[in-house]
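Trainee: This is the structure, below, for whatever I ask next.
The values are calculated or read from the model by the stated rules, or taken from the named source; none is laboratory data. Nothing here was measured: the structure is a model prediction, and the numbers come from that model. We place every Cβ from the backbone using ideal geometry, glycine too, and count neighbours over all the protein chains shown. Ligands, DNA and RNA are stripped out before the accessible areas are found, and what is left, the full protein with its side chains, is counted by its heavy atoms. Shrake-Rupley method; radii C 1.70, N 1.55, O 1.52, S 1.80 Å.
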Amino acid sequence: MELNQDRVKAMSKSSSQNVFFFGPDGSEGDFTQKNILGGKGAGLAEMTSLGIPVPPGFTISTTVCGIYNAEGKQIPEGIWSDILRNIGKIEKILEKGFGDKKNPLLVSVRSGARVSMPGMMDTILNLGLNDETTEGLADISKNPRFAYDSYRRFIQMYSNVVMGMNSSFLEVELEDLKEKKKVHNDTDLSAEDLKGLTLIFKKKILEHTGKKFPTDPIEQLRGAVSAVFESWNTARAITYRKLNSIPDTWGTAVNVQAMVFGNRGDDSATGVAFTRDPSTGEKKFFGEFLVNAQGEDVVAGIRTPLPISKLQEVMPAAYSQLVEIYQKLERHYKDMQDIEFTIEQNKLWMLQTRNGKRSAAASIRIAIEMLKENLISEKEALLRVNPYSVDQILHPTLDPKAKKNQLAKGLPASPGAACGQVVFTPEDAEKWSEGGKKTILVRTETSPEDIHGMVVAQGILTTRGGMTSHAAVVARGMGKSCVAGCGDINVDEHNEEFHVRGQVIKKGDVITLDGGTGEVFLGEVKTVEPKLSGEFAELMTLADKYRRLGIFTNADTPKDAVVARSFGAEGIGLCRTEHMFFDFDRIDAVREMIVAENKEDRKQALSKILPMQKGDFKQLFEVMKGYPVVIRLLDPPLHEFLPQTEADIANLAQKLNIDLNRLKAKIKSLHETNPMLGHRGCRLAVTFPEIYIMQARAIAEAAAEAKVIPEIMIPLINTEKELRLMRNLVEEEILRVQKETGTKFSYKIGTMIELPRAAITADEIAKEAEFFSFGTNDLTQTTLGLSRDDAGKFLGVYVGLGLFEKDPFVSIDRRGVGGLVKIAVDLGRKSRSDLKIGICGEHGGDPASIEFFNEVGLDYVSCSPYRVPVARLAAAQAAVLQKGKH
């Protein structure tokens, strides 16, 4: 055995904790150091400590990844010395030499971030082979075919992963050779066949990369370690981090481990398994393996793997040991494990254990069953389920086995799957729906004017807008699939078609949306309906036991309220009365009110709307059966209710018997340069008090008949004086109704805190309010100076550059917007100790935001109906975690 002299010198130096060894004498790390060892490295260290057979190796910490990128993509010499010293440790244990021609040590190189992360570097196996060491491997193993099979695999992997070679060029050569030799499987090729193939591979690599394939094992190792660190910043890895809120600063570890070989013949094998079924959560050993294969064969689909149960027939002793080990690992980690193993000449080696990825349904079942098995506590069971994933089981999803033809990808704005024929106008969506057709409404962007089409469409696709755009918010409220901000698509409304990547999709063509991933597919893709299992109900009951926050819903219709109640909502935290105005049978009366020239005409139009609103409110009260119902008075600017196209304006003029030019002038007069900050909210009632008077009457009459306690919310309050004026206006009408009907009922009047000034003067405003509800959508806009409908064009860049950690319209900006929330809570309660405080913005359904709202002491969060279970679980987790800090 020939030891490299530089490495001998390095071995004499002191060990650095940038590199952690694991071997038969124990490990320098353990699972508690997962953040620096990465998930894979921590698992290897822990298995070694448990006495489980693991090939010796070492882990280069995640810290080094940051150093590597900070120092111009160079491995510092001190750390490189540590790496060589640890290679020497493996050599000593196995009595092999790295680069030794007669008895070569080969290693694998794998990435391993602290969380499992697709997009990282693929594994490199058999590193250390060259023409000479391959001959040595052939001699010592007495199996030349195995040696050259290992060599050709190494060349393929290394050239692709480290040298950037397109792997398909080498795959073609392999397939051509099999065809020439008239064999079907790689295993049917001889040693001479494979030896000749390695020569062809190296020639092709030189042709395509301009570089010779490296033959020095030390050079190979340096290249592989560098490739792992560089894979942290590949486009795939960056995208995955963004989607899963993984900080860029975490970095990845590198795991270098002595090779064991599953391709040494029919007494060798390799496999991947889970200690429970990752799709269903069923308690059964689940996995696949291949005889005479290396790890990548199992997942590459080149050969069809066998179910893990068959291993009992093929290698009974190894299977029995594997079962014993997997059960030991699950008991030790108290969670489902994802394991990798290799059997070399009937000897079992474990290569990985980590907490396995699982579907939402599986995560719930596993958590509840492990609780019943006394493996984990109730609190641990709650923390095991990612609240973000709960959305998956509340909406139809695409069948994972179905064939798919992807057209484009946008933002996953509202989860669930939807399939239908493409339409470009809400009118067509409505008309086609009446004819029994299922539609997908495709728009550049949506507005409140489109609501009637959105209601009947199966799903909504927009080319603009973000995760909190109008389309996204309304779709989530309705429980409809929505893909927003799909910039690859160009909508041609005139010709009723859209263009994407050279394809033209016309009106009537069938597409499928996956609102959970943001993908758009051509044609129909089969869907799977959600099933709420018994474990799901048990988890929700457990969540209710531990959470402190109340969970309300944003609901504008009885249908929304019924859905929310079925999911466990304890009240309505936001009823947006303007959404009731858009129904086909009442929009004209609303428009008549808006274009009225005087107060009397306006009141006459409002009298037509009054019974409709009263009916709406009464139905909501009856559905909620005594649970709180918070009704927000009219908020949007009036121009949003008016038509914009020439044809629609002409049609309205005819309906209302108004001069067309006069109507156009009226519409023009209502135009605002910045309507978000203009004539809306309580400002409407300051100038047109009859609007809020009508709504107050409708609420009061409905409450008198339903015998409930209504909660009336005044939007966009800036000052205590505004709220006092509005409160007097509403109270006078309520008292008038009580006198007319001879009934007495309690009521509450409060306000939305959605402006910075309101937040910092909350002590004054609380004198006139029984409750606060934070409208965090607008509070975010007004605090950050961002329009949520326009910011989608550049917010992705901001998040990508780290200027925002997350999209502030999706997850609350804790320091800025959150700071104002905390100020308002403290000031409000200082002024009125019994002040009820909630939040009804989109952040009410975001688990990270819910954790913040729990910390600052809100009483409840309100979210869209389909996010109620998400909020219940997130609120419970927030309570458990907060209690754990004290």
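Trainee: Of all the accessible heavy-atom surface of the stretch 263-323, with the other protein chains kept in place and a 1.4 Å probe, what percent is carbon and sulfur? Walk me through the numbers on the way to the answer.
Mentor: Details: 1390 of 2660 Å².
Carbon-and-sulfur percentage of accessible area, whole number: 52.
Trainee: Measuring from centroid to centroid over Cα atoms, what is the spacing of the stretch 538-566 and the stretch 225-264 in Å?
Mentor: 40
Trainee: Next up: Sum -39500 (n - 2.57) across every DSSP H segment of at least 4 residues in the chain, then divide by the residue count to get the 222 nm mean residue ellipticity, nearest 500.
Mentor: Value at 222 nm, helices only: -14000 deg cm²/dmol.
Trainee: List the residues, sorted by chain then number, that are 5 or more residues from residue 352 or on another chain and whose placed amide H is less than 5 Å from its amide H.
Mentor: Answer set, sorted by chain and number: 340.
Trainee: Moving on to the next point. In straight Cα distance, which lysines are under 17 Å from residue 284, not counting same-chain residues fewer than 8 positions off?
Mentor: 310, 328, 334, 357, 372
Trainee: Could you give the distance between the Cα centres of the stretch 28-90 and the stretch 356-410, to the whole Å?
Mentor: Here the answer is 31 Å between Cα centres.
Trainee: Measuring with a 1.4 Å probe in the full set of protein chains, what accessible area per residue, in whole Å², belongs to the stretch 737-868? It would help to have the intermediate numbers written out before the result.
Mentor: Numbers: 5100 Å² over 132 residues.
Counting only protein heavy atoms, the per-residue value for the stretch 737-868 is 39 Å².
Trainee: Let me check against my output: what whole-number percent is the relative contact order of the chain, with C-alpha pairs under 8 Å and at least 6 apart?
Mentor: Numbers: 1851 pairs, mean separation 78.1, N = 886.
With pairs under 8 Å counted, the relative contact order is 9 percent.
Trainee: Same structure, new question: If I stretch the segment between residue 504 and residue 310 completely, what's the gain in nm (0.36 nm per residue apart, minus their alpha carbon distance), one decimal? The partial results should precede the final answer.
Mentor: On the way: separation 194, 0.36 × 194 = 69.84 nm, distance 4.87 nm.
Between residue 504 and residue 310, full extension yields 65.0 nm more.
Trainee: Pulled fully out, how much extra length does the chain show between residue 403 and residue 296, if you take 0.36 nm times their separation in residues and subtract their Cα-Cα distance?
Mentor: Numbers: separation 107, 0.36 × 107 = 38.52 nm, distance 2.37 nm.
Extra length from residue 403 to residue 296 when fully extended: 36.2 nm.
Trainee: Another one. What is the angle, in °, between the Cα long axis of helix 534-546 and the longest principal axis of the Cα atoms in the chain? Nearest 10 is fine, range 0 to 90.
Mentor: The two axes meet at around 70 degrees.
Trainee: Percent of accessible area on the stretch 112-197 owned by carbon and sulfur, 1.4 Å probe? Numbers along the way, then the final one.
Mentor: Working: 1740 of 3590 Å².
Taking all protein chains in place, the stretch 112-197 shows 48 percent carbon and sulfur surface.
Trainee: May I ask you to list the trypsin sites (Lys or Arg not before Pro) in the stretch 239-337 that are in a DSSP loop and have at most 13 other Cβ atoms within 10 Å of their Cβ? Intermediate results must be reported in sequence, preceding the final value.
Mentor: Values: sites: 241, 242, 264, 276, 283, 284, 303, 310, 328, 331, 334; in loops: 264, 276, 283, 284, 303, 334.
The qualifying sites are 284.
Trainee: Mean separation of Cα pairs under 8 Å and 6+ residues apart, divided by the residue count of the stretch 361-436: what relative contact order is that in percent? Each step should come with its number before you reach the end.
Mentor: On the way: 30 pairs, mean separation 18.2, N = 76.
Worked out over the stretch 361-436, it gives 24 percent.
Trainee: Give me the percent of accessible area attributable to carbon and sulfur for the stretch 678-768, probe 1.4 angstrom. Walk me through the numbers on the way to the answer.
Mentor: Details: 1860 of 3460 Å².
With neighbouring chains kept in place, the figure for the stretch 678-768 is 54 percent.
Trainee: Where a Cα-Cα gap under 21 Å defines reach, which lysines qualify for residue 178, not counting those fewer than 8 residues away within the same chain?
Mentor: 195, 202, 203, 204
Trainee: If DNA, RNA and ligands are ignored and the probe is 1.4 Å, what is the ranking of 692, 627 by accessible area, most exposed first?
Mentor: Working: 692 0, 627 95 Å².
Highest to lowest solvent-accessible surface, that is 627, 692.
Trainee: Continuing with the same structure: Could you do me a favour and compute the accessible area per residue for the stretch 591-720, 1.4 Å probe, result in Å²?
Mentor: Values: 5680 Å² over 130 residues.
Heavy-atom SASA per residue in the stretch 591-720 reads 44 Å².
Trainee: Take the alpha carbon atoms of the stretch 110-186, find their center, do the same for the stretch 621-667, and report the distance between the two centers in whole angstrom.
Mentor: 67
Trainee: Another one. Once both axes come from the Cα atoms, what is the angle between helix 167-181 and the longest principal axis of the chain, in degrees from 0 to 90, rounded to 10?
Mentor: Relative to the chain, helix 167-181 is tipped by roughly 50 degrees.
Trainee: Still on this structure, I have one more. Counting only C-alpha contacts under 8 Å and six or more residues apart, can you give the relative contact order of the stretch 328-398 as a whole percent? Please list the in-between numbers first.
Mentor: On the way: 65 pairs, mean separation 17.8, N = 71.
Across the stretch 328-398, relative contact order equals 25 percent.
Trainee: What is the helix-to-structure angle for 144-161, meaning the angle in degrees between its Cα long axis and the longest Cα principal axis of the chain, kept from 0 to 90 and rounded to the nearest 10?
Mentor: Rounded to the nearest ten degrees, it is 40.
Trainee: Round to the nearest 0.05 the FRET efficiency obtained for residue 881 and residue 619 when R0 = 41 Å and r is the Cβ-Cβ distance.
Mentor: Details: r = 39 Å, r/R0 = 0.95.
E between residue 881 and residue 619, to the nearest 0.05, is 0.60.
Trainee: Taking a virtual spin label 7 Å from the Cα of residue 63 along the C-beta vector, which residues in the stretch 204-229 bring their backbone nitrogen under 17 Å of it?
Mentor: none
Trainee: For the chain, what proportion of DSSP beta bridges, expressed in % and rounded to the nearest 5, is antiparallel? Write down the numbers at each step before the final one.
Mentor: On the way: 65 of 101 bridges.
Among the beta bridges of the chain, antiparallel pairing accounts for roughly 65 percent.
Trainee: So, for the stretch 380-533, what is the accessible surface per residue at a probe of 1.4 Å, expressed in square angstrom?
Mentor: Accessible area per residue, the stretch 380-533: 42 Å².
Trainee: Using a 7 Å offset from the Cα along the Cα-to-Cβ direction at both residue 324 and residue 559, what is the distance between the two label points in nm, to one decimal?
Mentor: 6.1
Trainee: Here's another thing I want to ask about it. Amide H of residue 753 versus every other amide H placed in the peptide plane: which residues, excluding those fewer than 5 positions away on the same chain, fall under 5 Å?
Mentor: 773, 774, 775
Trainee: Which order do you get for 132, 179 if you rank them by accessible area with a 1.4 Å probe, largest at the top? Walk me through the intermediate numbers first.
Mentor: Values: 132 100, 179 135 Å².
From most exposed to least exposed: 179, 132.
Trainee: Where a Cα-Cα gap under 29 Å defines reach, which lysines qualify for residue 666, not counting those fewer than 8 residues away within the same chain?
Mentor: 599, 603, 608, 614, 655
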